[in-house]
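See structure below.
The values are calculated or read from the model by the stated rules, or taken from the named source; none is laboratory data. None of these values were measured; they are calculated from a predicted model. Using ideal geometry, Cβ is built from the backbone for each residue, glycine included, and neighbour counts are taken over all protein chains shown. Just the protein is used for accessible areas: all its heavy atoms, side chains included, with ligands, DNA and RNA removed. Shrake-Rupley method; radii C 1.70, N 1.55, O 1.52, S 1.80 Å.
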Amino acid sequence: MVGIIKTERLLLRKWKEQDAEILYRMASDPLIGKGAGWLPHKDANYSKAIIRTILVDDGEFAITLRDNPDIPIGSIGLRIGADQKRGIFREDEAEIGYWIGHDYWGNGYAVEALSELVKYSFVDIGLSAVWCSFFDGNDKSRKVTEKCGMMYHHRNENLFNSMLKEYYNETMVRISAEEYFMNSKSHK
Ligand SMILES: CC(C)(COP(=O)(O)OP(=O)(O)OC[C@H]1O[C@@H](n2cnc3c(N)ncnc32)[C@H](O)[C@@H]1OP(=O)(O)O)[C@@H](O)C(=O)NCCC(=O)NCCS
């Protein structure tokens with residue numbers, strides 16, 4: 001997988017340990033973890049550990065502004081492979097998760113980052129479908145996925161989040177490679 005992806009306004013790059021303090025500032029806001037399904041970060045050391053163990057994965061990117069790539073404003077990650085329990089059955093499909101720091105909401109950054117990663121999934125690495133999920137009530141995220149051409153596929157109910165120690169319901173949305181290429185043809 002590539003290390004850098006550029007869009008009109010954004011540059012997606014690998015997370016670095018030096019980003020821990022900025023990650024902590026954004027991810028300690030409970031609003032972010034509430035939408036993404038994790039606990040707020042409790043200090044910068046915790047954020048550093050998350051960079052080392054989770055955000056280091058291939059497919060995870062810090063979202064930065066093109067004219068200031070040193071400062072992450074959010075995160076987006078592509079996880080390739082099946083997740084049977086949640087209704088993703090093929091190994092050549094992926095799920096994308098993302099969040100944007102609260103100060104940067106409402107500028108179209110999530111739509112811009114997600115649509116580029118969807119394009120990358122189909123055009124550059126040839127996946128057959130891409131999924132996103134959101135919890136009940138996360139209308140912002142639902143809208144982001146709709147703007148990227150993703151459509152309702154199914155709901156998962158009473159799944160257990162072992163970090164939050166609670167059950168949750170989620171909506172799974174999806175776009176296939178066929179749908180993506182058909183949409184891009186009709187927008188030409
Ligand atoms: C969901 C989330 C990522 C949305 O981030 P965002 O950057 O604010 O999203 P966007 O700006 O791309 O889109 C949201 C709104 O901005 C609008 N927008 C799009 N392009 C725009 C632009 N160029 N200028 C201004 N606004 C724009 C969109 O129309 C949308 O508005 P609407 O909700 O009123 O219809 C953010 O709220 C978040 O991080 N939430 C917590 C974590 C989470 O829920 N993650 C998703 C689950 S995986």
Task: With every protein chain in place, segment 5-186: carbon and sulfur % of accessible area (1.4 Å) - done: 50 percent
Open item on the list: Sorting check: for 95-101, 163-169, 178-184, which peptide has the highest mean count of neighbouring beta carbons within 10 Å, and how do the rest follow?
Closed with: 95-101, 178-184, 163-169
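Rg over Rh of segment 40-129, using C-alpha atoms and the Kirkwood radius, what does it come to?
Details: Rg = 14.5 Å, Rh = 14.5 Å.
Expressed as Rg/Rh, it is 1.00.
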- [ ] Would you kindly state how much longer the chain becomes between Asp124 and Lys16 on full extension, computed as 0.36 nm times their sequence separation minus their alpha carbon distance, in nm to one decimal?
- [x] 36.5 nm
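If contacts are Cα pairs under 8 angstrom and at least 6 residues apart, what is the relative contact order of the chain in percent? Write down the numbers at each step before the final one.
Values: 313 pairs, mean separation 32.2, N = 188.
Value for the chain: 17 percent.
Calculate for the chain the 222 nm mean residue ellipticity that helices alone would give, adding -39,500 (n - 2.57) per DSSP H run of length 4 or more and normalising by residue count, nearest 500 deg cm²/dmol.
Calculated at 222 nm, the ellipticity per residue is -7500 deg cm²/dmol.
Excluding ligands, DNA and RNA, what is the solvent-accessible area per residue of the chain at a probe of 1.4 Å, expressed in Å²?
Details: 10240 Å² over 188 residues.
Solvent-accessible surface per residue comes out at 54 Å².
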- [ ] Using R₀ = 22 Å, calculate the FRET efficiency as 1/(1 + (r/R₀)^6) where r is the Cβ-Cβ separation of Val111 and Lys165; round to 0.05.
- [x] 0.10
TODO: Take the alpha-carbon positions of segment 47-188, form their convex hull, and give its projected area averaged over all directions (one quarter of the hull surface) in nm².
DONE: 9.6 nm²
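With r defined as the distance between the Cβ atoms of His102 and Met151 and R0 fixed at 22 Å, what FRET efficiency is calculated, to the nearest 0.05? Walk me through the numbers before you get to the answer.
Numbers: r = 28 Å, r/R0 = 1.27.
After rounding, the FRET efficiency stands at 0.20.
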- [ ] Could you check the simple spin-label distance between Asp136 and Ala49, using points 7 Å along Cα→Cβ, in nm with one decimal?
- [x] 3.2 nm
Open item on the list: Positive end of the dipole of segment 1-127, charges at C-beta (+1 Lys, Arg; -1 Asp, Glu), about the Cα centre: which of Leu39, Ile50, Ile22 has its Cα farthest in that direction?
Closed with: Leu39
